[in-house]
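Working notes for the structure below.
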Amino acid sequence: AAPFFNRWMLPIGLVLLTLISFFNYLDRMVLPAVAQSIKVEFGLTDAQVGLMTGFAFVLVYAFVGIPIARLADRSNRRNILAFAVAFWSLATIACGLARSFVLLLLARMSVGIGEAACQPVSFAMIAAYFPPQRRATALSWFMVGSSLGIMAGLAAGGWLGAAYGWRTAFLVVGAPGLLLALAVSLLMREPTRTGLDAATHADRLGFAASLRVLATNRAYLWILAANVSYSMMIFGPMAWL
């Protein structure tokens with residue numbers, strides 16, 4: 001039974017993680033696609049649209065990811081991921097139900113809180129599921145999900161918004177995430193912690209020590225700088241195009 005379990009659960013886990021990556025960006029990109037309709041209905045300025053599509057999301061997304069990742073170091077990562085998917089899906093639905101700019105802003109920030117768990121927890125699970133020689137392939141499939149999610153979010157948001165209104169667009173793309181969260185909780189297994197990911201190592205290396213390790217890693221600092229530049233140049237203009 002054990003070989004059968006291991007042979008089938010790992011592919012299922014990767015499929016679910018790729019779907020999580022897909023919906024992570026699908027739900028995120030609906031707002032830029034329908035921003036003009038929201039701007040007209042609420043009488044917003046461009047600055048308010050920029051705050052809604054960008055800064056309000058990024059502010060919580062960037063900082064909440066750190067304590068969520070720290071929690072994932074010590075607790076069940078599958079459960080964290082399932083809860084996060086359900087949370088950001090409900091927050092996406094809440095965007096469609098918002099009756100004021102402030103409520104929409106709060107719902108958008110809630111999407112950022114939930115989606116902050118996606119990449120750090122998923123990367124950790126992929127590293128635990130797959131040996132080093134297979135991780136690059138597994139990560140590439142995960143990133144396929146995010147690329148398709150960006151495309152689908154803009155396309156579905158634009159079409160649904162034009163055909164049925166911007167509120168419907170949020171409701172339609174947000175609802176399937178609840179089923180995905182249920183599938184994660186029922187079908188995905190919590191991977192065994194090994195090596196540097198073991199709980200004993202996480203306890204031994206505290207948060208401040210972890211920051212010092214990263215601050216002295218030149219490769220990490222260059223990757224961080226590249227990711228900041230990439231994100232700014234890609235997602236900034238995308239909100240307005």
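Take the stretch 25-66 and flag every residue that is open to solvent by less than 50 Å² (accessible area, probe 1.4 Å) and under 19 Å from Val228 (Cα atoms).
Selection gives Tyr25, Arg28, Met29, Gly50, Thr53, Gly54, Ala56, Phe57, Val60, Val64, Gly65.
Which of the numbered conditions does Leu179 fail, given that it passes all the others? Conditions: (1) open to solvent by 50 Å² or more (accessible area, probe 1.4 Å); (2) within 29 Å of Pro32 (Cα to Cα); (3) in contact (Cβ under 8 Å) with a residue 24 or more places away in the chain.
All conditions are met except number (3).
Among the residues of the stretch 88-117, what is the count of those that are of a type in the set (Gly, Ala, Ser), open to solvent by 30 Å² or more (accessible area, probe 1.4 Å) and in a helix (DSSP H, G or I)?
Going through the stretch 88-117, the residues of a type in the set (Gly, Ala, Ser) turn out to be 89, 91, 94, 96, 98, 100, 107, 110, 112, 114, 116-117.
From what is left, the residues that are open to solvent by 30 Å² or more (accessible area, probe 1.4 Å) are 94, 100, 110.
Applying the additional criterion that residues be in a helix (DSSP H, G or I) yields 94, 110.
Selection size over the stretch 88-117: 2.
Is it the case that the stretch 77-87 has a residue that's farther than 18 Å from Leu178 by Cα and either free of Cβ contacts under 8 Å to residues at least 12 places away in the same chain or surrounded by fewer than 18 Cβ atoms within 10 Å (Cβ to Cβ) (or both)?
Scanning the stretch 77-87, I find no residue that is farther than 18 Å from Leu178 by Cα and either free of Cβ contacts under 8 Å to residues at least 12 places away in the same chain or surrounded by fewer than 18 Cβ atoms within 10 Å (Cβ to Cβ) (or both), so the answer is no.
Of all residues in the stretch 33-48, how many are β-branched (Val, Ile, Thr) and in contact (Cβ under 8 Å) with a residue 40 or more places away in the chain? Quick ask: steps written out before the conclusion?
Of the residues in the stretch 33-48, the ones β-branched (Val, Ile, Thr) are 34, 38, 40, 45.
Retained after the next criterion (residues that are in contact (Cβ under 8 Å) with a residue 40 or more places away in the chain): 34, 38.
Total satisfying the criteria: 2.
Condition first: within 19 Å of the chain's Cα centre (by Cα) and among the aromatic types (Phe, Trp, Tyr). Now tell me which residues in the stretch 160-184 satisfy that.
If the condition is that a residue be within 19 Å of the chain's Cα centre (by Cα) and among the aromatic types (Phe, Trp, Tyr), then Phe170 is the only one that fits.
Listed residues Leu16, Leu51, Leu59; which is assigned to a helix (DSSP H, G or I) and in contact (Cβ under 8 Å) with a residue 60 or more places away in the chain?
Values: Leu51 fails: in contact (Cβ under 8 Å) with a residue 60 or more places away in the chain; Leu59 fails: in contact (Cβ under 8 Å) with a residue 60 or more places away in the chain.
Exactly one residue qualifies, and that residue is Leu16.
Looking at (1) at pLDDT below 95; (2) under 12 Å from the mean Cα position of the chain (by Cα), can you tell me which one Arg70 breaks?
(2)
Test Pro11 against the criterion of being assigned to a helix (DSSP H, G or I), free of Cβ contacts under 8 Å to residues at least 12 places away in the same chain and not basic (Lys, Arg), and give yes or no.
Details: assigned to a helix (DSSP H, G or I): yes; free of Cβ contacts under 8 Å to residues at least 12 places away in the same chain: yes; not basic (Lys, Arg): yes.
Spelling it out, Pro11 is indeed assigned to a helix (DSSP H, G or I), free of Cβ contacts under 8 Å to residues at least 12 places away in the same chain and not basic (Lys, Arg).
Could you list, in sequence order, the residues of the stretch 193-216 that are open to solvent by 70 Å² or more (accessible area, probe 1.4 Å) and either under 23 Å from the mean Cα position of the chain (by Cα) or modelled with pLDDT of 85 or more (or both)?
The initial filter retains those residues of the stretch 193-216 that are open to solvent by 70 Å² or more (accessible area, probe 1.4 Å), namely 194, 196, 200, 203-204, 207, 211-213, 216.
Within the stretch 193-216, Phe207, Leu211, Arg212, Val213, Thr216 qualify.
Within the stretch 118-145, how many residues are open to solvent by 40 Å² or more (accessible area, probe 1.4 Å), in a helix (DSSP H, G or I) and over 15 Å from Leu81 (Cβ atoms)?
11
Residue under question is Trp222, and the condition is that it be surrounded by fewer than 12 Cβ atoms within 10 Å (Cβ to Cβ), over 22 Å from Ala56 (Cα atoms), modelled with pLDDT of 95 or more and of a type in the set (Phe, Trp, Tyr); does it hold? Walk me through how you get there before you give the answer.
Values: surrounded by fewer than 12 Cβ atoms within 10 Å (Cβ to Cβ): yes; over 22 Å from Ala56 (Cα atoms): yes; modelled with pLDDT of 95 or more: yes; of a type in the set (Phe, Trp, Tyr): yes.
The answer is yes for Trp222.
The values are calculated or read from the model by the stated rules, or taken from the named source; none is laboratory data. All values reported here derive from a predicted model rather than from experimental measurement. Note that each Cβ is placed from the backbone with ideal geometry, even for glycine, and that neighbours are counted across all protein chains shown. Accessible surface areas use protein heavy atoms only, side chains included; no ligands, DNA or RNA. Shrake-Rupley method; radii C 1.70, N 1.55, O 1.52, S 1.80 Å.
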